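Before any comments, here is the structure.
The values are calculated or read from the model by the stated rules, or taken from the named source; none is laboratory data. The structure presented is a predicted model; accordingly, all values stated were derived computationally and were not measured. With ideal geometry, Cβ positions are generated from the backbone for all residues, glycine too; neighbour counts draw on all protein chains shown.
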Amino acid sequence: MSQESPQVEETLDVICGELAVFQAKRGYRFGVETLLLAGFINQRASDMTDLGTGSGIIPLVLVRFGKAERACGVELQPALADRARRSVEHNGMSGKVEIIEADLRALDGVLPAACCNLVTANPPYSTVNSGNRPSENERALAKQEITCTISDVTAAAARLLSPRGKFATVFPTGRLPELLACCRAVRLAPSRLRMIHGRIELPAKHCLLEAVRGGRMGLSVEPPLFVYDNTKEYTDEVKAMLYPSS
């Protein structure tokens, strides 16, 4: 369901059956991979940070459904940060979720080192020179590595994580070797990997990765996650991620 807000060209969208988030009508809008990342988290965190939080989806979902006690979302774009703050307030979660307008590459003096035991990110998937840049700037910054690279994201995550804290992200499978190398460069040891397939007969286009700060090398490759069944409906597992309280 969507309720249009014509004054600011926004929609108020219901997610997970019980949260409502403000999104630009024509700007950046989150995709299903964001909720699959939230579903991939398998342990409760006391404090978590979401890098490039967009509309604040991941902090809202993790706190509401008991996977994080407190959450912080970091967002560079002022309009997105404003929508995320209003979404937090709209859902009555101001005491649990904080949105910070900041550059994830420059968090010194904004967030202390080792301040959380979970960091998440749904970062830009494309390099600046790959594909066509979206004409709308808000979407361009979210889709392409214009203001940050995957190396910037993993470095920020490593700084924020306490020892044995976990970093979780979703990323294109074609860039998985680069993601793994960036994690290892900052002592984030890859621990869990899961491939996302649109359907059972299709190759994986995205993957979910968890890495542990200072952890031992030992990667567990989990069973593939199929988004749609042969009737083009969401699979039962994906439905459980999209509607965790059902």
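Before moving on, here are some points about what is shown:
- Annotation: of all residues in segment 192-220 being outside any strand (DSSP E or B) and of a type in the set (A, V, I, L, M, F, W, C), the one that is nearest to the chain's Cα centre (by Cα) is 219.
- Check on residue 238, at pLDDT 95 or above, of a type in the set (A, V, I, L, M) and part of a helix (DSSP H, G or I): yes
- Segment 85-94, residues that are crowded, with 17+ Cβ neighbours inside 10 Å and touching a residue at least 60 places away in the same chain (Cβ under 8 Å): 86, 87, 91
- Which numbered condition residue 205 fails, given (1) modelled with pLDDT of 95 or more; (2) of a type in the set (Lys, Arg); (3) loosely packed, with under 14 Cβ neighbours inside 10 Å: (3)
- Residue check for residue 97: at negative phi and buried (at least 16 other Cβ atoms within 10 Å of the Cβ): yes
- Candidates 179, 141, 188 - the one that is of a type in the set (A, V, I, L, M), buried (at least 17 other Cβ atoms within 10 Å of the Cβ) and over 16 Å from the mean Cα position of the chain (by Cα): 188
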